[in-house]
Amino acid sequence: MFPDINHIALDRLGKINGSTIPVSVLRTDLIHPVISGNKWFKLRFYLDEAVKQGYKTIGSFGGAYSNHIVALAAAARMNGLSSIGIIRGEADDSPTLQEAREWGMKTIPVSRQSFKVREEIISAFPNTNEIYWVDEGGYGILGAKGASTILSVMDCSGFTHILCACGTGTMAAGLIMSAAEHQNIIGISVLKNNLSLEESIAGLLPVALHKKIKSLHDYHFGGYAKHPKQLIAYMNDFHQRTHIPSDIVYTSKLFYAAEDLIQKGYFEENANVLLIHSGGLQGNRSLSKNTLCF
Ligand SMILES: *Cc1c(COP(=O)(O)O)cnc(C)c1O
């Protein structure tokens, strides 16, 4: 099955928790069970480019539960490319990596130490010139260009505020590129103290758009992939109320942030809020069974 943007839905949740602000969710998670959400958008132009330039192999970097790694493995296979995943840390046996290998990816675990020096891995790699390398998380201009097509799958012009979860900030940059003048893009950082996030987003945008960069740093719940009981309880509660699944790394923190901001009166009265469900349920595979009700 190929990713299909026709599966994307717009869930209008209406005014949640007695607030006056309507909230909708753009369900890019419905594109495909593996290449879900923003990963497909971020990868699409890298894949096109790799194929166009005649590469046979595409390589990238990520952790053992990386949505990006498994999405790349599947997308590479569908585009007739082989794939290589350089994996952070020694663990090499997560369900995510097993699935990536089923899609034909060669996974290569490296120590956390050497994972940090990407250039050395790339330059030392055998036949490295024959590999189309993509940055971790798909960070880069082509990734942002891909993400800039998210808002065109549907008429999103009526929304005043568009919120998304941020890892590398590539998706946020793409949303800023494609947003209308009156629309505010707000990134919710899922990393703790990632103070270079705004700089990373700016690096993908023309200077004229830098003033549109806005990110919030209070909703990381302890840091990347940290998921205290309070967050798990919220995910179950949110699913019961909306039937929308979320993941411990990204979208749960986005949904929580949105509801918290609404409750705190962050948005003006006539705001119309859109949340980007960016997909990616891989992180949930690290939880023990029955932790989540979906
Ligand atoms: C990767 C990912 C993100 C982060 O996207 P960036 O472009 O790296 O900021 C957000 N949500 C989900 C579900 C993801 O898998």
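The values are calculated or read from the model by the stated rules, or taken from the named source; none is laboratory data. Please read these numbers as outputs of a predicted model, since none were measured by experiment. When we count neighbours, we look across all protein chains shown, and the Cβ atoms used for this are built from the backbone with ideal geometry, even at glycine. Side chains are part of the model used for accessible areas, which takes the heavy atoms of the whole protein and leaves out ligands, DNA and RNA. Shrake-Rupley method; radii C 1.70, N 1.55, O 1.52, S 1.80 Å.
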Worksheet entry | Selection status of residue 288, part of a loop (DSSP other than H, G, I, E, B), more than 16 Å from the ligand (Cβ to nearest atom) and either of a type in the set (Gly, Ala, Ser) or not assigned by TED's automatic domain parsing to the domain that holds residue 158 (or both) | yes
Practice prompt. Within segment 64-78, count every residue that is open to solvent by 10 Å² or more (accessible area, probe 1.4 Å), at pLDDT 95 or above and not basic (Lys, Arg).
Written response: 0
Worksheet item: Can you name every residue in segment 16-42 that is touching a helix residue (DSSP H, G or I) at 6+ places or on another chain (Cβ under 9 Å) and assigned to a strand (DSSP E or B)?
Response: 22, 23, 25, 26, 27
Discussion item. Just checking: which of the helices (runs of 4 or more DSSP H) contained wholly in segment 106-150 hold 2 or more residues that are open to solvent by less than 20 Å² (accessible area, probe 1.4 Å) and aliphatic (A, V, I, L, M)?
Written reply: 141-147
Worksheet entry | Among residues of segment 257-285, those that are farther than 20 Å from residue 65 by Cβ and either within 16 Å of the ligand (Cβ to nearest atom) or not hydrophobic (A, V, I, L, M, F, W, C) (or both), counted | 15
Item to complete: May I ask you to say which residue of 85, 59 is part of a strand (DSSP E or B), more than 30 Å from residue 266 (Cβ to Cβ) and within 16 Å of the ligand (Cβ to nearest atom)?
Response: 85
Item to complete: For segment 33-50, name all the residues that are more than 12 Å from the ligand (Cβ to nearest atom) and more than 23 Å from residue 121 (Cα to Cα).
Response: 33, 44, 45, 48
Discussion item. Being open to solvent by 10 Å² or more (accessible area, probe 1.4 Å), near the ligand (Cβ under 9 Å from one of its atoms) and not hydrophobic (A, V, I, L, M, F, W, C) is the requirement here; does residue 167 meet it?
Written reply: yes
Discussion item. Just checking, does segment 261-281 include any residue being modelled with pLDDT under 95, surrounded by fewer than 17 Cβ atoms within 10 Å (Cβ to Cβ) and under 26 Å from residue 92 (Cβ atoms)?
Written reply: no
